[in-house]
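In what follows, a single structure is set out as C-alpha cells and then discussed.
The values are calculated or read from the model by the stated rules, or taken from the named source; none is laboratory data. These numbers come from a predicted model, not from an experiment. Cβ placement follows ideal geometry from the backbone for every residue including glycine, while neighbour counts extend to all protein chains displayed.
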Amino acid sequence: MSLRYALLALLTARPLTAYDIAKQFGSSVGFVWHAPDSQIYPELRRMEKEGLIDAEELPSGGRRTKREYRIRPEGVARFREWVGTPLGYQRERDVHHLKAAYLEWSDPEAAREQLRRHIAFHTEQLDQWLELRERLLDRTNPTLAARLAASPPEQHDRIVAFKVFAYDGLVERARTEIEWARRGLVLIDEQLPPAQEPTV
Ligand code: VNL
C-alpha cells in the first residue's frame, strides 16, 4: 500500500509517462521505498481506475502510444491525508541482530567475516545517502529540480529541508550499523573461545 503513496509523492512533482515514472522512481523516492518496475506499472493502473491519477495519451512517432500520468485533486487529497496520519509500527524482526545474539556458536573468523560484510554494506549505503543528500542540498536531483520549478520560491527551502531530513536519518542509521559491527569485531577478539586442553 505504501507504493501508491510513493508514486503519488513522485507525481506531486510533475506529470510523467509510465516509463519516466519507473525511471525517476529509482532515482528519488525509490531509494527510501524500493519497488521493482513489475509492481509500479500495475499499481499505476489501479490508481488510475480508482480516480487518483489521470492518464493522457500523448501523440508519439512510434507505434506504441505514450501515456502521461498526472495526479488528480483526489490523489492530492489522499496523499495529504496519508502524510498527516500516524503510521503503525512493526515488532522487531531483524535477522542480523538475531544472529548476533548467538555468535558464540560461530567460528570466530566466520563471525568476523560476517561483521566485515555488514560494515562494507552499510559503508556503501552511507556513501549513497551522503551523495543523494548533497544532490538535494545543491538542488540538482532531477525530481527535486522539477518539483521546485513547479512551486513558489518561498516554498523551496522547506521542500528541500524535509527531503534532506529523510536522508539525514538514513545517514545516521548507516553510521550506527557500522559502529555496532565494529564493536562486534572487538567483542569477538575479547571473547575468543577458551583454548582446548591439550590431550596427552
Ligand atoms: C525527491 C527527490 C525525493 C529526490 C527523494 O527521496 C529524492 C522528491 C525521497 O523531490 O520527491 O531522493
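Count of region 31-66 residues, restricted to those that are under 30 Å from LEU130 (Cα atoms), out of contact with any Leu (no Cβ under 9 Å at 6 or more places or on another chain) and touching a residue at least 12 places away in the same chain (Cβ under 8 Å), is 2. Identification of helices (runs of 4 or more DSSP H) wholly contained in region 36-127 with 1 or more residues that are closer than 19 Å to THR12 by Cα yields 37-49, 73-83. Scanning region 128-155 for residues that are part of a helix (DSSP H, G or I) and touching a helix residue (DSSP H, G or I) at 6+ places or on another chain (Cβ under 9 Å) yields a total of 15. Scanning region 4-23 for residues that are part of a helix (DSSP H, G or I) and either over 19 Å from LEU170 (Cβ atoms) or without any contact (Cβ under 8 Å) to a residue 12 or more places away in the chain (or both) yields a count of 10. Scanning region 1-60 for residues that are modelled with pLDDT of 95 or more and of a type in the set (S, T, N, Q), we see that the one that is surrounded by the fewest Cβ atoms within 10 Å (Cβ to Cβ) is SER38. Checked against (1) more than 23 Å from THR140 (Cα to Cα); (2) over 17 Å from the mean Cα position of the chain (by Cα), PRO36 passes all but a single condition, namely (2). Looking at this structure, is SER28 of a type in the set (Gly, Ala, Ser) and closer than 27 Å to ASP127 by Cα? Considered against the rule, which asks whether it is of a type in the set (Gly, Ala, Ser) and closer than 27 Å to ASP127 by Cα, SER28 comes out as yes.
For the residues ARG158, ARG173, the requirement of being more than 19 Å from TRP33 (Cβ to Cβ) and either in contact with a Leu (Cβ under 6 Å, 6 or more places away or on another chain) or part of a helix (DSSP H, G or I) (or both) singles out ARG158.
Among residues that are more than 16 Å from the ligand (Cβ to nearest atom) and farther than 24 Å from ALA166 by Cα, ALA55 is included. State whether one or more residues within region 79-88 are free of Cβ contacts under 8 Å to residues at least 60 places away in the same chain and touching a Ser or Thr at 6+ places or on another chain (Cβ under 6 Å). Within region 79-88, none of the residues are free of Cβ contacts under 8 Å to residues at least 60 places away in the same chain and touching a Ser or Thr at 6+ places or on another chain (Cβ under 6 Å). In region 148-171, the residues that are without any contact (Cβ under 8 Å) to a residue 60 or more places away in the chain and on the phi < 0 side of the Ramachandran plot form no Cβ pair under 8 Å with any partner that is near the ligand (Cβ under 9 Å from one of its atoms) and outside any helix (DSSP H, G or I), whether six or more places apart or across chains.
Anything in region 186-200 that is outside any loop (DSSP other than H, G, I, E, B) and of a type outside the set (A, V, I, L, M, F, W, C)? List them, or say none. Correct list: ASP189, GLU190.
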